[in-house]
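Written below as structure tokens is the structure these notes are about.
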Amino acid sequence: QVQLVESGGGLVQPGGSLRLSCVASGSIFSINAMGWYRQAPGKERELVAGITTGGSTNYADSVKGRFTISRDNAKNTVYLHMNILKPEDTAVYYCNADIATYYGPGTYGNRNYWGQGTQVTVSS
């Protein structure tokens, strides 16, 4: 019913920057909280940053001061601006969103969605 499409991943040198984008499309009534998670090989998926409908944000301690999450509600898009990237930031980054999804005429229900993931590799 709703798809999250990510872009912006790639290879970057330590100290570099990337911007990830995630666009939600489909039968959307409204988008609530959105966030970015990441998962390195063999490790648990962890929350990197989250943002509420009103714009309140939270970050993992490891990325505070370096990453910024933002959203453009008109575009159904959430961004993750990543600065001063470190090798330990290397992971697959996943977009996540809580979305009120239409399932009939004027009817909807809350759903949670994941993007497919985009690889971020920080290496010299």
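Out of the total accessible area of the chain (probe 1.4 Å, heavy atoms of protein only), what percent is carbon and sulfur? List each step's numbers first, then the result.
Numbers: 3110 of 6350 Å².
Within the chain, the accessible surface is 49 percent carbon and sulfur.
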Estimate the FRET efficiency between PHE29 and GLN119 by the formula 1/(1 + (r/R0)^6), using the beta-carbon distance for r and 30 Å for R0, to the nearest 0.05. 0.45
Given unit charges at Cβ for Lys, Arg (+) and Asp, Glu (-), the dipole magnitude of the chain about its Cα centre in debye, nearest 20, is 100 debye
So which aspartates and glutamates pass the test for LYS43, namely a Cα distance under 19 Å, with those fewer than 8 places away in the same chain ruled out? ASP61, GLU88, ASP89
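Keeping all protein chains in place, calculate the accessible area per residue for the chain (probe 1.4 angstrom), answer in Å².
Numbers: 6350 Å² over 124 residues.
It amounts to 51 Å² per residue over the chain.
The values are calculated or read from the model by the stated rules, or taken from the named source; none is laboratory data. Bear in mind the structure is a predicted one, so any value in this text is a computation, not a measurement. Here the Cβ is made from the backbone with ideal geometry for all residues, glycine too, and neighbour counts use every protein chain on show. To get the accessible areas, we keep the full protein, side chains included, count just its heavy atoms, and leave off ligands, DNA and RNA. Shrake-Rupley method; radii C 1.70, N 1.55, O 1.52, S 1.80 Å.
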